[in-house]
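K.L.:
Starting off with a structure, shown below.
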Amino acid sequence: MADGDGAAASRNLTEHSASAAEKGLPRRGKSSSGRTLNTAQIPLVASHPEVYEPCDDSFALVDALLSDKAQLLALQPRLCMEVGCGSGYVITSLAIMLRQLASGTQYLATDINKHAAETTQATLEAHGVHADVMVTDIVSGLEKRLAGMVDVVVINPPYVPTPEEEIGCKGIASSWAGGLNGRQVIDRILPAVREILSERGWLYMVTLEDNDPLDICHLMSEMGYASRIVLKRCTEEESLFVLKFWRDPHTATNASPKSPKSESWFSQLPFKSLWHKGS
């Protein structure tokens, strides 16, 4: 990038941060949060003016995963997925946490923003970990291939209450615009994730107090999932909750499709045909 382009990008980033603060949106920026060697390192996280950078909600989600690290290792997930990967900070941190599982775990990340997919790929490479990264809306086009196969899903969704017309905007706005009560995108994500979670699968999701986390838990209960609040964090601008969901054997649900046999399940997914770096 030329010096002039870099200065312009820096100005745009500063102007956007100020505008976001005025609207009560999440503040962008690589703030200090006491990260450890068990997570992605902020100086190595790639950035782009149209990609949401790690912030309080990102750190809350990673801290929740860290608090569950022993349980995640015991789960020995075969496939972990992040929906809405942004900068790649969360999926990279998860891969680092579970690195001791060696090659037994595969990682997948999706984002509707092409710049986010490219930024996530760069962040992964900078940390020496791998994930397949795809440009798609939530899990569009992957539902049948992933049905009942994903053991861990992590999501920092667009949860900010915004006018409905902002939903589906290109670029960085897609990372926060949640529509009425910040729920319009979340309410699309939940049934889609239900279809791809395995019988033993776990979902971790960030929500805002305005999203009515208790109602989200109730909706997931109707789908056959138990839930708990893994972490609650209050910032100057918002109250964040990281919710965890898992299948409740005491709740009647429709059975999920069975996963393919373990020796061939991942090889059947033509990920590289969907997106690759530089496409």
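The values are calculated or read from the model by the stated rules, or taken from the named source; none is laboratory data. Quick caveat, the model's predicted, so the values are computed rather than measured. For neighbour counting, all protein chains shown are included, and Cβ atoms are generated from backbone atoms with ideal geometry for every residue, glycine included. Note: areas computed on protein heavy atoms with side chains; ligands, DNA, RNA excluded. Shrake-Rupley method; radii C 1.70, N 1.55, O 1.52, S 1.80 Å.
K.L.:
Does residue 188 satisfy the criteria of being in a strand (DSSP E or B), under 23 Å from residue 244 (Cβ atoms), of a type outside the set (A, V, I, L, M) and open to solvent by 60 Å² or more (accessible area, probe 1.4 Å)?
P.N.:
So residue 188 does not fit the description; no.
K.L.:
With respect to residue 138, is the statement that it is outside any loop (DSSP other than H, G, I, E, B), closer than 21 Å to residue 225 by Cβ and under 14 Å from the mean Cα position of the chain (by Cα) true?
P.N.:
Spelling it out, it is not the case that residue 138 is outside any loop (DSSP other than H, G, I, E, B), closer than 21 Å to residue 225 by Cβ and under 14 Å from the mean Cα position of the chain (by Cα).
K.L.:
So, in the stretch 191-218, how many residues would count as being over 20 Å from residue 151 (Cα atoms), surrounded by 16 or more Cβ atoms within 10 Å (Cβ to Cβ) and aliphatic (A, V, I, L, M)?
P.N.:
2
K.L.:
Go through (1) outside any loop (DSSP other than H, G, I, E, B); (2) buried (at least 16 other Cβ atoms within 10 Å of the Cβ) one by one and return the number of the condition residue 129 breaks.
P.N.:
(1)
K.L.:
OK, next. Is one or more of the residues making up the stretch 46-62 under 20 Å from residue 200 (Cβ atoms) and touching a residue at least 60 places away in the same chain (Cβ under 8 Å)?
P.N.:
no
K.L.:
Would it be correct to say that residue 40 is open to solvent by less than 10 Å² (accessible area, probe 1.4 Å), at negative phi and in a loop (DSSP other than H, G, I, E, B)?
P.N.:
yes
K.L.:
In addition: Being surrounded by fewer than 18 Cβ atoms within 10 Å (Cβ to Cβ), in contact with a helix residue (DSSP H, G or I) (Cβ under 6 Å, 6 or more places away or on another chain) and not hydrophobic (A, V, I, L, M, F, W, C) is the filter here; which residues of the stretch 132-160 pass it?
P.N.:
143
K.L.:
Tally up the residues in the stretch 105-121 that are open to solvent by less than 10 Å² (accessible area, probe 1.4 Å) and assigned to a strand (DSSP E or B), please.
P.N.:
The number of residues fulfilling the criteria is 3.
K.L.:
Continuing with this model, one more query. Write out, first by first residue and then by second, each pair whose Cβ atoms fall under 9 Å of each other, whose residues are 6+ apart or on separate chains, and whose first residue, in the stretch 67-81, is touching a residue at least 12 places away in the same chain (Cβ under 8 Å) while the second is hydroxyl-bearing (Ser, Thr, Tyr) and in a loop (DSSP other than H, G, I, E, B).
P.N.:
Partner pairs satisfying both residue conditions: 76/105; 77/105; 78/105; 78/259; 78/262; 79/105; 80/105.
K.L.:
Continuing with this model, one more query. Pairs, please: C-beta under 6 Å, at least 6 apart or cross-chain, first residue under 21 Å from residue 219 (Cβ atoms) and hydroxyl-bearing (Ser, Thr, Tyr) and in the stretch 231-244, second open to solvent by 30 Å² or more (accessible area, probe 1.4 Å) and outside any strand (DSSP E or B)?
P.N.:
What qualifies is 239/209.
K.L.:
When you look at residue 262, is it small (Gly, Ala, Ser) and either modelled with pLDDT of 95 or more or loosely packed, with under 15 Cβ neighbours inside 10 Å (or both), yes or no?
P.N.:
The answer is yes for residue 262.
K.L.:
Just to verify a result, which residue in the stretch 193-250, among those that are in a loop (DSSP other than H, G, I, E, B) and closer than 20 Å to residue 152 by Cα, is modelled with the lowest pLDDT?
P.N.:
So the residue we want is 249.
K.L.:
Okay, next question. Mind checking which pairs have a first residue in the stretch 199-212 that is free of Cβ contacts under 8 Å to residues at least 60 places away in the same chain and a second that is surrounded by fewer than 16 Cβ atoms within 10 Å (Cβ to Cβ) and not in a helix (DSSP H, G or I), Cβ under 6 Å, 6 or more apart or different chains?
P.N.:
Once the first residue is free of Cβ contacts under 8 Å to residues at least 60 places away in the same chain and sits in the stretch 199-212, its partners that are surrounded by fewer than 16 Cβ atoms within 10 Å (Cβ to Cβ) and not in a helix (DSSP H, G or I) give 209/239.
K.L.:
Filter the stretch 50-81 down to the residues that are part of a loop (DSSP other than H, G, I, E, B) and either under 14 Å from the mean Cα position of the chain (by Cα) or of a type in the set (A, V, I, L, M) (or both), then identify the one that is surrounded by the fewest Cβ atoms within 10 Å (Cβ to Cβ).
P.N.:
Looking at residues that are part of a loop (DSSP other than H, G, I, E, B) and either under 14 Å from the mean Cα position of the chain (by Cα) or of a type in the set (A, V, I, L, M) (or both), I get 55.
K.L.:
Scanning for something in contact with a Pro (Cβ under 7 Å, 6 or more places away or on another chain) and over 23 Å from residue 176 (Cβ atoms), does the stretch 101-119 turn up at least one residue?
P.N.:
yes
K.L.:
Hey, another quick one. Looking only at the stretch 88-104, count how many residues are within 24 Å of residue 188 (Cβ to Cβ) and in a helix (DSSP H, G or I).
P.N.:
Residues flagged as within 24 Å of residue 188 (Cβ to Cβ) and in a helix (DSSP H, G or I) within the stretch 88-104 amount to 4.
K.L.:
Considering only the stretch 119-129, state which residues are touching a helix residue (DSSP H, G or I) at 6+ places or on another chain (Cβ under 6 Å) and under 14 Å from residue 85 (Cα atoms).
P.N.:
123, 124, listed by residue number.
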